[in-house]
Amino acid sequence: MQNKKYFETYKIPTVKEAMNLFATYGKYPNLNNYFVFRGHKDIDYPLIPSAIRVNNKDRLWLLSGGKPIDNQSEWENWQIIAENNILKQFYNFADRSGLDLPQVSRIRNNIDGYDYSIHSETEEWLPDELMEVAGLAQHYGLLTRLLDWTYDYKIALYFATSGLYNMQEEKKDCVVWAINYNYFNFLKPTLSKTPLNFYRPSYHGNKYLSAQKGLFSTWKIKKKGVWDTVYQNGIPEFDLINRTPLDELICNFFDNNFNENDFKNNKLLYRFIIPNEIKSNILKQLKHDNFSEEYLFPGFQGVCLSMENNGKLYDN
C-alpha cells in the first residue's frame, strides 16, 4: 500500500471534471506546472517498463537473439545483457537501412563485434549514453526499461480512454498517472537525488514524439561487473530482477532515505481513475479539442486510424 504522504488517488466523477481537472478553476490547478502524465487503458496495469514485465520474458529473449539457460531469465545481469543486445540490434539494423540515428560510440565501436564491457564494467543501467537510442526503440515498440510520459494531461487522458477501441479494455476503468517531475529534477543535483531519471530526446525528426509531447523515465540500477560478482562455495550469486512497479519503488525509496522534515508535503504521485462509463464522452470531447489520432499520430496512418475509431466512438 502506497504511503499517503507521497501518493494520492482520486476518482474522477464526470466528463466535465476530467476535462478541467488542472484548469485554474479545477481541483488540481498546479499540477500542469510541475507534473508529467501517463495514461493506462486498464486500471490494473502496473507502472512497470515493458522489458521487465514477466509476460514479456519470452519476447525479450527472442528479440535479443539469445536463449537463457535454467533460471538465467531471472538474473539481473543476464536481463541487462538481453536489453543491451536489443538496443545494439536495433541500432545496427536501422543504420544498415540508412536511417538517421544518434551517434553512440559505445555501439558504433562494437557494431560488428561483441561488447565485452557489458560483462566486465560496473555502471548504472541504463547509462546516459544509451538513453536516446533506447528512447527511439521504445517509441517504435521494442522492449526497454523506459516508461513513456507526456507533458500534456489531455494526451495521457486520450491514451487512457482509448482502451474503448480495444475489445480487451473497452469495459475497463482506466487511469492517468501524474508524477512530480519538477521535484525529482530539483533533487537531481543534490545529495538527495533518487534513482529516477527523466530524459527527453530531440523532437526534431520524430513527429509522433513531438505531437505527443513525450519524454521518458527510467529507474537506474547498478549493474555489477564480473569483478563484483559474489561467490558462495565457488558458485556465483546473481541479483534477481527487480520487477517492483515504479510507484512502489518511489515510496519505498523515500521511506528509507528521507526523514519527515526532509519531505515538505510534496505529493510525488497521483493516480486519477476514470470510470468506464464516461470514457466515450471524454473521447468525444478530446476529439472536439483536437486530441485525436490524426493529431497525435501525424500522417496517413493517424488519419486512417481516426476514421476507424470514429465509427466505433459514435456507435457507443
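Before moving on, here are some points about what is shown:
This table checks each residue for (1) buried (at least 16 other Cβ atoms within 10 Å of the Cβ); (2) in contact (Cβ under 8 Å) with a residue 40 or more places away in the chain; (3) touching a Phe, Trp or Tyr at 6+ places or on another chain (Cβ under 9 Å).
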| residue | (1), (2), (3) |
| --- | --- |
| Ala51 | yes, yes, no |
| Leu62 | no, no, no |
| Arg96 | no, no, no |
| Val104 | yes, no, yes |
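- Taking the conditions (1) touching a residue at least 60 places away in the same chain (Cβ under 8 Å); (2) acidic (Asp, Glu); (3) surrounded by fewer than 15 Cβ atoms within 10 Å (Cβ to Cβ) in turn, Asp70 satisfies each one other than (1).
- If you go through segment 175-219 and pick out every residue that is over 18 Å from Leu246 (Cβ atoms), of a type outside the set (Gly, Ala, Ser) and either in contact with a Gly (Cβ under 6 Å, 6 or more places away or on another chain) or not in a loop (DSSP other than H, G, I, E, B) (or both), you end up with 5.
To keep it simple, each residue is scored yes or no on (1) part of a strand (DSSP E or B); (2) among the β-branched types (Val, Ile, Thr); (3) at pLDDT below 95.
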position: Gln89; (1), (2), (3): no, no, yes
position: Ala94; (1), (2), (3): no, no, yes
position: Tyr114; (1), (2), (3): no, no, yes
position: Ile118; (1), (2), (3): no, yes, yes
position: Glu124; (1), (2), (3): yes, no, yes
position: Ala137; (1), (2), (3): no, no, yes
position: Thr144; (1), (2), (3): no, yes, no
position: Trp149; (1), (2), (3): yes, no, no
position: Ala156; (1), (2), (3): no, no, no
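- Residues of segment 18-51 classified as assigned to a helix (DSSP H, G or I), within 16 Å of the chain's Cα centre (by Cα) and either closer than 23 Å to Leu164 by Cα or at pLDDT below 95 (or both), total: 1
- Some residue of segment 152-163 being β-branched (Val, Ile, Thr), under 17 Å from Arg200 (Cα atoms), in contact with a Gly (Cβ under 6 Å, 6 or more places away or on another chain) and surrounded by 18 or more Cβ atoms within 10 Å (Cβ to Cβ): no
- Close pairs from segment 12-23: first within 15 Å of Ala178 (Cβ to Cβ), partner outside any loop (DSSP other than H, G, I, E, B), Cβ under 6 Å, at least 6 apart: Ile12/Ala18; Ile12/Phe272; Ile12/Ile274; Ala18/Ile282; Phe22/Leu31; Phe22/Asn32; Phe22/Tyr153
The values are calculated or read from the model by the stated rules, or taken from the named source; none is laboratory data. What you are looking at is a predicted structure, and each value in this text was computed from that prediction instead of being measured. With ideal geometry, Cβ positions are generated from the backbone for all residues, glycine too; neighbour counts draw on all protein chains shown.
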